[in-house]
1. With the range 84-168 as the region, which helices (runs of 4 or more DSSP H) entirely inside it contain at least 3 residues that are charged (D, E, K, R) and modelled with pLDDT under 75?
2. Give the residue that is surrounded by the fewest Cβ atoms within 10 Å (Cβ to Cβ), with candidates limited to residues of the range 421-444 that are out of contact with any Lys or Arg (no Cβ under 9 Å at 6 or more places or on another chain) and closer than 19 Å to Gly402 by Cα.
3. When Gly323 is evaluated against the numbered criteria (1) in contact (Cβ under 8 Å) with a residue 40 or more places away in the chain; (2) within 21 Å of Glu180 (Cβ to Cβ); (3) surrounded by fewer than 18 Cβ atoms within 10 Å (Cβ to Cβ), which criterion, by number, is the only one it fails?
4. Do we find a residue being surrounded by 14 or more Cβ atoms within 10 Å (Cβ to Cβ), touching a helix residue (DSSP H, G or I) at 6+ places or on another chain (Cβ under 6 Å) and among the basic types (Lys, Arg) anywhere in the range 285-302?
5. Could you look through the range 394-419, keep only residues that are acidic (Asp, Glu) and either part of a strand (DSSP E or B) or open to solvent by less than 30 Å² (accessible area, probe 1.4 Å) (or both), and pick out the one that is farthest from Met354 (Cα to Cα)?
6. Having 1 or more residues that are over 20 Å from the mean Cα position of the chain (by Cα) and surrounded by 21 or more Cβ atoms within 10 Å (Cβ to Cβ) is the bar; report the strands (runs of 3 or more DSSP E) wholly within the range 197-284 that clear it.
7. Kindly establish whether Glu349 is open to solvent by 20 Å² or more (accessible area, probe 1.4 Å) and under 22 Å from the mean Cα position of the chain (by Cα).
8. Only one of Glu391, Glu422, Glu376 is more than 30 Å from Val224 (Cα to Cα) and in a helix (DSSP H, G or I); which?
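The values are calculated or read from the model by the stated rules, or taken from the named source; none is laboratory data. Since we're looking at a predicted model, the values are computed, not measured. Every residue, glycine as well, gets a Cβ built from its backbone with ideal geometry; the counts of neighbours run over all protein chains shown. Surface areas here come from the heavy atoms of the whole protein model, side chains and all, with no ligands, DNA or RNA. Shrake-Rupley method; radii C 1.70, N 1.55, O 1.52, S 1.80 Å.
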Amino acid sequence: MADMAEDKTKKPEAHDVGETVKEQAEYTPSMQPDFLREKIKQKPVNKKKLLRRTITTAVMAFVFGIVACLTFLLLEPVINNWLYPEEEAKEVQFPEETIVEEMKPEDMLTEEAIEEEEEPAELVDEQIKELLSQVKFGLDEYQTVYDDLAALAKDVNRALVTVTGVTSDVDWFNNTYESEAVVSGVIVENNGRAMLILVNMNNIKDVDKIVVTFCDQTQADAEVIQKDTSTGFAILSVSLLAISEETMDIINIAKLGSSNSGNLAGTPIIALGSPMGTSGSICYGIITSSSTMIDHVDAAYKLISTDIFGSRNATGVLVNLKGKIIGIVDNSYNSEDRGNLLSAYGISELKRVMTKMSNNQSRAYLGIHGTDVPQEANLELGVPLGTYIKEIEMDSPAMTAGIQSGDVITKVGGEEIATYNELLNILYNSKPGEVITITLMRQGMDAFQKMEVEVILSER
């Protein structure tokens, strides 16, 4: 018994402990109870939910892209102007001229000078003939004259441009092609932000893009600021940022002369631009007439005729021997018997509309065709001096106010009207929506009757 008690109190030996640990280390899952066993399974894919998330992500990405594009388009000009500020466009003015009648040579001689003349006319004629006989004009002098004309034309050409209207279209075989219409234009001003170009747009209509080619053959895109629908002339703008410094050093702004300096008949002129229908062509000649007027609604322009034979589609300018532009070529008003002889709008009469177009200003519209009352009609028939109304536009402010053909406008507000040009000046300085009081004389049974009407000017 004592031995058995001793065995119970006896500590287990080392190899026994090791066996126990070993048995514990050899534990396997198969030996686990059933309620402790785990098995990892993948969650089944919900295809509908995945498709919804994919579509939602794509839509959100598309919306984000649209918002980003719109934000960029809206903020880009603001940021660009902030980083690269441009000068504000200055207001352009082409001052109008007063009509100056040239003094004839015989008028330069006063009565006193004529009385002091003692030498007989025959002697004077002999002296003139002797002076003319001493003048030598050979081929060398003739060549010198044309060299001077060519040099003058070259200088003026620096202010001329070629304007191309580009239109994209698709042919029968679904091939894209471009058609072009080409005219000549003239640089008339720099407003601090863009070069302004006067051009006849009658041959450039419904184009996709307008390209301007300068005298050094560099090109830049242009935009129409405003177009006068009655004449077809327009002012284009070419941003100064699109013109290189080298080109700016070469090109010039045209010098505008006067087409109101009395009788222009017999004045030598040069036709530049495309007088022969080809860009860069040059013609020399003289003015044959400047007494014809081109009638437009609320406007009248002088038509300058020349002896230069050119193209029916000619465009360009007429330049005097001082290098100043006195006319803008337009052959659309030629009569059949004049054929291809070049004609042009007088530059003085165009300056009013050029100023409005250059500043993109709206113009007041009355809706009349008028002319001056001749002195003979005033003296012999008793027609009052003023603006004689030849025609009224349908549904115009003038028609609405009751003005009729045959009326004579003698006053606008408190300002007397003696010529049609004076009425046009008032319209030029008026604004659309303005109410003006017109005093007119209307032919009655025995005499002209005075009337007053109020006209609400509209926008042209």
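1. 111-116, 121-134
2. Top of the filtered list is Gly444.
3. Result: Gly323 fails condition (2) only.
4. Checking the range 285-302: at least one residue is surrounded by 14 or more Cβ atoms within 10 Å (Cβ to Cβ), touching a helix residue (DSSP H, G or I) at 6+ places or on another chain (Cβ under 6 Å) and among the basic types (Lys, Arg).
5. Asp407
6. By residue number, 268-274.
7. Answer is yes for this residue.
8. Answer to the check: Glu376.
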